[in-house]
1. Spot the failing condition for N234; the list is (1) out of contact with any strand residue (DSSP E or B) (no Cβ under 6 Å at 6 or more places or on another chain); (2) over 29 Å from T19 (Cβ atoms); (3) not basic (K, R), and only one is missed.
2. All but one of (1) within 25 Å of A29 (Cα to Cα); (2) crowded, with 17+ Cβ neighbours inside 10 Å hold for E139; which doesn't?
3. In the range 168-175, is there at least one residue being touching a helix residue (DSSP H, G or I) at 6+ places or on another chain (Cβ under 9 Å) and under 25 Å from E102 (Cβ atoms)?
4. Which of (1) crowded, with 17+ Cβ neighbours inside 10 Å; (2) closer than 19 Å to N96 by Cβ is the odd one out, the single condition D182 does not satisfy?
5. Is there a residue in the range 158-165 that is among the β-branched types (V, I, T), assigned to a loop (DSSP other than H, G, I, E, B), modelled with pLDDT of 95 or more and crowded, with 22+ Cβ neighbours inside 10 Å?
6. Of everything in the range 143-155, what is more than 13 Å from F183 (Cα to Cα) and assigned to a helix (DSSP H, G or I)? Give them in sequence order.
7. Can you name the residue in the range 127-154 that is aliphatic (A, V, I, L, M) and at pLDDT 90 or above and is also farthest from the chain's Cα centre (by Cα) among such residues?
8. So S124 fits all but one of (1) within 17 Å of A204 (Cα to Cα); (2) in contact with a strand residue (DSSP E or B) (Cβ under 6 Å, 6 or more places away or on another chain); what number is the exception?
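The values are calculated or read from the model by the stated rules, or taken from the named source; none is laboratory data. The model shown is predicted, which means the values in this text are computed figures rather than measured ones. Neighbour counts are summed over all protein chains in view; Cβ atoms, including those assigned to glycine, are modelled from backbone coordinates with ideal geometry.
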Amino acid sequence: MRLNRFLTFSAIAGYGFATLNPSSNSTVAIYWGQNSAGNAEQDTTLQNRLSSYCKDSNVNIILIAFLLEFNGGVDPTLNFANQANDCLDISGTGKNTYQCSEIEEDIKTCQEQGKTVLLSFGGSGSVEAGFATKEKAVEAAKSTWALFGPVNSTLEAKRPFKSAVVDGFDFDFESKVSFLVDFTKELRALMDQAAGGQKYYLSAAPQCQIPDANLGDVLGEVSFDFVNVQFYNNDECGVSSFVPNNEQQSIFNFKEWDTWATTKSKNKAVKILLGVLAGETGGRGYVSPDLLDPIINYSSKFASFGGVMMWDASQAWNNADFIKKVKDSLTD
C-alpha cells in the first residue's frame, strides 16, 4: 500500500472497547492515515481526522497507517500524512516518534462508536529490515505491546497514542523483515495473555499472489484473525481480472486463498477480506461498486470470506456512496 509523504465488550481501565464479530461475512475494513486521494491531487485537505470516519455505521474496522519502522521497538517511526501535523515528535532525533493527542482522542471516540481500531505496520514507504537476532525481535514485540497495548508503567511516557489502546495490529510489510515470525509469535502471545478478557486482533495485508513474498512465512506460522488480501495492483490475481458469470476463475484467485485459509492457516477460522481500491487514484486495478457486486457474490460463496477491505478512507469519502454500495452488496 502506498505511503503518502505528506504529512462492546466493556469499559476497562477507562477506555471502551469496540465490538466485532470475527465470524461475520459482511465486515468492512478501511485504512486511514495516508491521504492517498490527497497525494494524487496534491491536496492535503482530502483526509480528515480519524473520528470523522467513525460515524459511518457501514464501517467495522479502521486500520491506522502506518508505523514505518520499529527502531528496536522503543522509538517507532510513524507517518499519518497530513494528520501528523498535530503530533509532537518526542524522539529528539527527527525519527518521527510521535505523540498524537488528537489521534488518542479519536481512537477512543471510534471505539465508543463500535469501531475496531488496529495499527498497521509497514506500507510501501517502509524500510524496516527487521531485527538482528531472535532475542531482539522478541524484545521489540514486548516494547511494541507496551507502547500500544494496555497502559502500564513500561514506556508509558513514550506511548504515541498515550492513554488510548488499539484493538490489535496489522502487518503490511512489502519487503522482507528478518525474524518477523519471532516478533509476531511474541506479540500474539502477549495479546492472547492480556488481562481483563479483552480480545485483541491480528491481521495481515499480503499481495494476492500465493505465497506472498514478504508475509508468506509469518502467515504460515502464526495465527491471524483475518487477512486483508490486496486484490489490486496485481493484474495476475486481482479483481480487475475477474470474469463475470464464470465459476471457474483462472486468474482472480480468491478460491486459492480460501483453500489456504481452510487447510494451511494456523487459524482454520481465519477470515479473508477482499481487498479493493476505494477510488481510481489509489493504485492500479480500481473496480466500481457495480462491477464489484458480482465479485463479492462469487467470493462470498467460500467459507473463509469475511467482507471487504478498502484502500483508503480518503479515497472512499471522495467517491460518492462507494462504501454504502459495497456494504449493500455484502448484505444482499
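1. Exception for N234: condition (1).
2. Result: E139 fails condition (1) only.
3. yes
4. (2) is the only condition that D182 fails.
5. yes
6. Residues satisfying the conditions are A146, L147, F148.
7. My answer is A132.
8. Of the numbered conditions (1) within 17 Å of A204 (Cα to Cα); (2) in contact with a strand residue (DSSP E or B) (Cβ under 6 Å, 6 or more places away or on another chain), the odd one out for S124 is (2).
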